[in-house]
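Input: a single structure, listed below in structure tokens.
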Amino acid sequence: MYSRNACIKPVSLANDRIDESDIGPLWAKHFSMIRDDVASKIIVLSLVYIIEDKARMGTADGDWSGRVSRELRLHGIPADEFWEIQRAAAR
């Protein structure tokens, strides 16, 4: 007999957080899988929002795209990949 509860795995996010050093490696791991894996797509989209927030709250001078570019360089994320996801998310 099928039990719906047997398919649900409890998850605690209380201690799970993305550290600064995790951003680039997570992007590298999951970007190539966004077309086939929903979880990877969600992770990459979350990273886009994190990078945008960091650029918005950062103290670096410059325009929006300059501050985002600085964050991308800092984390080793290709700008073309970032802007592809960011444009798709804005639709």
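Can you tell me which of Ala39, Ala28 is part of a helix (DSSP H, G or I), touching a residue at least 40 places away in the same chain (Cβ under 8 Å) and either touching a Pro at 6+ places or on another chain (Cβ under 9 Å) or not hydroxyl-bearing (Ser, Thr, Tyr) (or both)? Let's see the steps before the verdict.
Working: Ala39 fails: touching a residue at least 40 places away in the same chain (Cβ under 8 Å).
Every option except Ala28 fails the conditions.
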Mind checking which pairs have a first residue in the range 61-76 that is farther than 14 Å from Glu20 by Cβ and part of a helix (DSSP H, G or I) and a second that is modelled with pLDDT of 85 or more and hydrophobic (A, V, I, L, M, F, W, C), Cβ under 8 Å, 6 or more apart or different chains? Trp64/Ala55; Arg67/Ala55; Val68/Ile51; Val68/Ala55; Val68/Phe82; Ser69/Ala79
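The values are calculated or read from the model by the stated rules, or taken from the named source; none is laboratory data. A quick note: this is a predicted structure, and the numbers were derived from the prediction, not measured. Glycine also receives a Cβ, built like all others from the backbone with ideal geometry; neighbour counts cover every protein chain displayed.
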